[in-house]
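For reference, the structure is listed below as structure tokens.
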Amino acid sequence: MEVTTIVTGAFATNTYLIDTAGGMIVVDPGGKADKLLEVIKDRPVTVLLTHGHFDHIKAVDGLYNRYQCPIYMHQADRELTDPLLSKKTNVLGPYSASISSPVNDLKEGSLMIYDHMISVYFTPGHTKGSVVYQLEDVIFSGDTLFKESVGRTDLYGGNERDLRHSLALFESFSPDTIVYPGHGEQTTIGHELIYNPFLR
């Protein structure tokens, strides 16, 4: 398994390409799809969304149009990506995006993709439907957890109390677990337990 980070869009969102023997897993395809298509080429594709904010979903329809790929997102964030509702729930001025492609509702538990078992954790707080994915000894935390910080809760659907409850999840992981966040540098659980003020 090889993880490639591609920084996309106006908010420097981390899009992750997980290259497995069975195909490519794309986590949070923001920015323009063309940039991702150059790397993915003709591999099978599955899209995993940590949440529904525009900067994490902007390239979803472009990938679907090319690959007819399965897309997974928690149902609680569907309103953020609905073409009719996304502008009403958008609080970031001119920035918005929606998904017209079919999306599979994601639930907490296990998800099998290309013979890889992915653990899905429901972590509301940044949005109503935020999730974290674990694959082997790696976590894709979206905007729930950053290096030495956490996602904001003042946008539509955010809730500080829910986020603090969700952050308790990270204490259960091994300190050596690598964390790939939605923005910024990668980190480890061990580092965050020491230096992240929100996890103390």
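The values are calculated or read from the model by the stated rules, or taken from the named source; none is laboratory data. Treat the numbers as computed from the prediction; the structure is a model and nothing was measured. Note that we place each Cβ from the backbone using ideal geometry, even for glycine, and neighbour counts take in every protein chain shown. Side chains included, ligands, DNA and RNA excluded: accessible areas come from the protein's heavy atoms. Shrake-Rupley method; radii C 1.70, N 1.55, O 1.52, S 1.80 Å.
Structural remarks
- Each stretch of four or more DSSP H residues adds -39500 (n - 2.57); spread over every residue of the chain, this sum gives -5000 deg cm²/dmol at 222 nm.
- Annotation: peptides 63-73, 21-31, 110-120, ranked by per-residue average of other Cβ atoms within 10 Å with the highest first, follow the order 21-31, 63-73, 110-120.
- Percent RCO, i.e. relative contact order, over segment 113-188, from Cα pairs under 8 Å lying at least 6 residues apart: 32 percent
- Relative contact order (%) - criterion: Cα under 8 Å, at least six apart; region: the chain: 15 percent
- Computed over protein heavy atoms with a 1.4 Å probe, the carbon and sulfur contribution to the accessible area of segment 1-92 reaches 50%.
- Entry comment: accessible area of segment 1-102 is 45 Å² per residue, from protein heavy atoms only and a probe of 1.4 Å.
- Of all DSSP bridge pairs formed entirely within the chain, close to 70 percent run antiparallel.
- Total charge dipole magnitude, segment 1-153, about the Cα centre, Cβ charges on Lys, Arg, Asp, Glu only, Debye to nearest 20: 500 debye
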